[in-house]
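Colleague: What follows is a structure written as structure tokens; I'll ask about it next.
A short reminder: the numbers here are calculations on the coordinates, not readings from a lab. Because the structure is predicted, anything quoted here is derived from the model rather than measured. Methodologically, a virtual Cβ is constructed for each residue, glycine included, from the backbone with ideal geometry; neighbour enumeration extends over all protein chains shown.
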Number of protein chains: 2
Amino acid sequence: MFPNRDTIFNPSGVDVANTPQPDTHEETAPRRRRLSRDARKDEIVQAAVAQFSEAGFDGSTRDIALRAGITQPLLYRYFPSKEDLIEAVYEKVYLDRWNPAWDAALIDRSRPVKDRFQDFYEEYAQTIFDPEWLRISSFAALRNAQIHDWYNHVVQEMILKPLVRERRVELGMGDTVLVSKDALEAPWLMHGSLLHYAKRRFVLEIDGMSDTSDVISQALDMYLLLTQADAGQPCADS
Amino acid sequence: MFPNRDTIFNPSGVDVANTPQPDTHEETAPRRRRLSRDARKDEIVQAAVAQFSEAGFDGSTRDIALRAGITQPLLYRYFPSKEDLIEAVYEKVYLDRWNPAWDAALIDRSRPVKDRFQDFYEEYAQTIFDPEWLRISSFAALRNAQIHDWYNHVVQEMILKPLVRERRVELGMGDTVLVSKDALEAPWLMHGSLLHYAKRRFVLEIDGMSDTSDVISQALDMYLLLTQADAGQPCADS
DNA sequence: CACCTTATTTATCATATGATAAATTACTAG
DNA sequence: CTAGTAATTTATCATATGATAAATAAGGTG
């Protein structure tokens, strides 16, 4: 009856040209496709990630439905409320981004710390250095301090503490399990510098920026040089 | 009818309890106070900064009016649209945060680069390391790439290029005006690491974090050690 | 084919929100 | 004190948005 306002006015300016494709036919009307519960749920979450990463979590459920090629009320068959959908998005974005092989790779003492963490950060960058992840995690951090807090904790335990420990061993400072808050400050600076680089490069899309590998190398060098200087006289030959 | 979820669950966690105060009387009804055009405008912008920094730029004009102790339509007497108010907020937040004395201080070659930039960053931190600025600039960056771009340009020209130049002079590498993009990567890493620290410390309010001065010192050391290593052999006595 | 389950859509509601017009009242000049 | 200017409020609109109920139809099963 009434012309489905979403089709005549797209407030987010987003190109939401995700109309259900005419499979092979030409002028197929927006035919209904029935999907399994899980498949549909996945499509909705994916659309929500795309929408939220652009418009923030205030992005409307109608725009999400439009992206997913469904009507807005259908969304509520799978998520009781928008807040539930947001939480599904949190999970999708934050979980399952960690490659379990990394745990072992970081503590493989047959290789220099620099090489290990260079390789790791290059792979990690491939996982999270894209506009969608960077933007949505920024929005999440601003909206929900708790989840950002949790993610920082993960980074600290999985990446930064291993880095400090492995570096200590490499410098012959002994193998301690405990890592103090003070000792974490330097690796946090390094990690933060890379995240900031990623935002400049992949969110702002500043042109002519250095290659990610080079920047990772530089950031790691900064940390390694600092710990070297801390360990004793700078460059003292042992 | 239904209980207005925002009153029982305030997603932004904002306490918008800013009822217009009874001036000196006790039970004074919300008395009208007439202000000059400029004074009222300032109050509105200030309220908008507070509101936007908490709820993002989707914060409602009604909440802003509430914070400012006025009614919502009055806001439109001073700003033709919400977008105009947002631009006034951009100006308030981004401009006038630079102390002109800093320009000279950064190139005062009677002092070591470390000391100069340590002092500068400590003062700069006092200006922008607070939740309001950090949050609103994050929101602004996500919403308006152009303004974030512009701000990055300012940082680069006013802080990072001077740092590179002054460091070169200190290392006896000559006084060049041109600073290549590659040469800016390291100072950007340093600067970014400090911004990331600020967010962890002042937005997430993680407890037990190191003092800002110490962190600035560490970040500067990272950069200085890296340039030292780049300049020739690490720690080669000249 | 006929039937039934349920995915999907249509229609609709209640509230939130940006914005405007008209009524009101605080302050000031004469 | 009076009148007038303009700051401020009250009333109101149009649309956006989260959410729900009922109608429709796709696809599997007998």
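Colleague: Taking R0 as 41 Å, what's the FRET efficiency between A:Val169 and B:Leu171 from their Cβ-Cβ distance, rounded to 0.05?
Modeller: My answer for the efficiency is 0.80.
Colleague: Related question: Suppose R0 equals 45 Å. What FRET efficiency, 1/(1 + (r/R0)^6) with r the Cβ-Cβ distance, do A:Gln126 and B:Arg33 give to the nearest 0.05?
Modeller: 0.20
Colleague: A further question on this structure: Roughly how many whole Å is it from the C-alpha centroid of the stretch B:60-104 to that of the stretch A:177-233?
Modeller: Between the Cα centre of the stretch B:60-104 and that of the stretch A:177-233, the gap is 35 Å.
Colleague: In addition: What is the spin-label model distance, in nm, from B:Asn144 to A:Asp149 if the labels are put 7 Å beyond Cα along the C-beta direction?
Modeller: Those two pseudo-labels are separated by 3.2 nm.
Colleague: Now, a different point. Compute the Cα gyration tensor for the stretch B:65-111, then decide on rounded, prolate or oblate, letting a ≥ b ≥ c be the square roots of its eigenvalues: rounded whenever a/c is under 1.5, prolate when a/b is larger than b/c in the other cases, and oblate in all that remain.
Modeller: Prolate, since a/c reaches 1.5 and a/b exceeds b/c.
Colleague: Right, next: Along the charge dipole of the stretch B:67-106, which of B:Ile70, B:Ala101, B:Val89 sits closest to the positive end, that is, farthest toward it, with unit charges on the beta carbon of Lys, Arg, Asp and Glu (+1, +1, -1, -1)?
Modeller: Highest projection toward the positive end goes to B:Ile70.
Colleague: Using a Förster distance of 51 Å, how high is the FRET efficiency between A:Ser110 and A:Asp58, based on the Cβ-Cβ distance and rounded to 0.05?
Modeller: Taking R0 as 51 Å, the efficiency between A:Ser110 and A:Asp58 is 0.55.
Colleague: Further question: What lysines does B:Lys161 reach when the alpha-carbon gap must be under 29 Å and sequence neighbours fewer than 8 apart in one chain are set aside?
Modeller: In chain and number order, the partners are A:Lys114, A:Lys199, B:Lys92, B:Lys114, B:Lys181, B:Lys199.
Colleague: Under the definition of partner shielding as Cβ atoms of other protein chains within 10 Å of a residue Cβ, what is the mean value for peptide B:210-223?
Modeller: That works out to 4 on average.
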